[in-house]
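Read the structure below first, then the notes.
Derivation of every value follows stated rules applied to the coordinates shown; laboratory data play no part. Worth saying up front: this structure is predicted, and the values here are computed from it rather than measured. Backbone-built Cβ (ideal geometry, glycine too); neighbour counts: all protein chains shown.
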Amino acid sequence: MNESQFLTEIRHSFEDMGSFAYKIPDSANMRGKFTLAKPFDMVAEVNGQLIAIEGKVQLNGRAWSIRTVRDTQKLGLSKVESFGNPAFIFLCWKKERGFYELIIIPFHYIKMQFSFSKKDLINWPFKVVRDNKKCRYNLTEVSHLLENGLT
């Protein structure tokens, strides 16, 4: 699974729960022209609240590091949080063959933990197992995070 497929599944999963989600298109890469870097991958509405999402894919079942998030993305997510809105890293983590988990990381946690070991990801409290038949995730966990102020 690549990042584009993952984000499409996330968008459909939000829509399945009656929420709105929009994937910010990549900039057209014109040769010799400067293009603006997009601040994050997706914006979604959950319970009337807008959230920013940066999607990442880690398919080898190993540790994951914030180094995979570009500085422009960190800045974009930080700005969203500075305005009082939640921002998340949605990490598609392939634990084993055919078994994907969505690891939901509130962005401000990144300031406390720079990298996540395999053990951290296995024990991470905010995660959702992928429904392989529907290619969807049950994103009610995002609603719970927002309701309980864990963002």
Could you check how many residues of the stretch 67-115 are more than 23 Å from S4 (Cβ to Cβ), part of a strand (DSSP E or B) and more than 14 Å from the chain's Cα centre (by Cα)? 1
Check the stretch 58-80 and report whether any residue there is under 19 Å from S13 (Cβ atoms) and among the acidic types (D, E). no
Residue that is surrounded by the fewest Cβ atoms within 10 Å (Cβ to Cβ), among those in the stretch 6-23 that are under 13 Å from F90 (Cβ atoms) and polar (S, T, N, Q): T8
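Looking only at residues in the stretch 104-114 that are surrounded by fewer than 22 Cβ atoms within 10 Å (Cβ to Cβ) and touching a helix residue (DSSP H, G or I) at 6+ places or on another chain (Cβ under 8 Å), which one is nearest to M42 (Cα to Cα)?
Applying the first criterion (surrounded by fewer than 22 Cβ atoms within 10 Å (Cβ to Cβ)) to the stretch 104-114 yields 106, 108-114.
From the residues that got through so far, the ones that are touching a helix residue (DSSP H, G or I) at 6+ places or on another chain (Cβ under 8 Å) too are 106, 108, 110, 113-114.
Values: P106: 14, H108: 17, I110: 18, Q113: 23, F114: 22 Å.
Of everything passing the filter in the stretch 104-114, P106 is nearest to M42 (Cα to Cα).
Touching a residue at least 40 places away in the same chain (Cβ under 8 Å) and exposed (fewer than 15 other Cβ atoms within 10 Å of the Cβ): is that true of S117 in this structure? Outline the logic, then answer.
Details: touching a residue at least 40 places away in the same chain (Cβ under 8 Å): yes; exposed (fewer than 15 other Cβ atoms within 10 Å of the Cβ): yes.
For S117, the condition - touching a residue at least 40 places away in the same chain (Cβ under 8 Å) and exposed (fewer than 15 other Cβ atoms within 10 Å of the Cβ) - is met.
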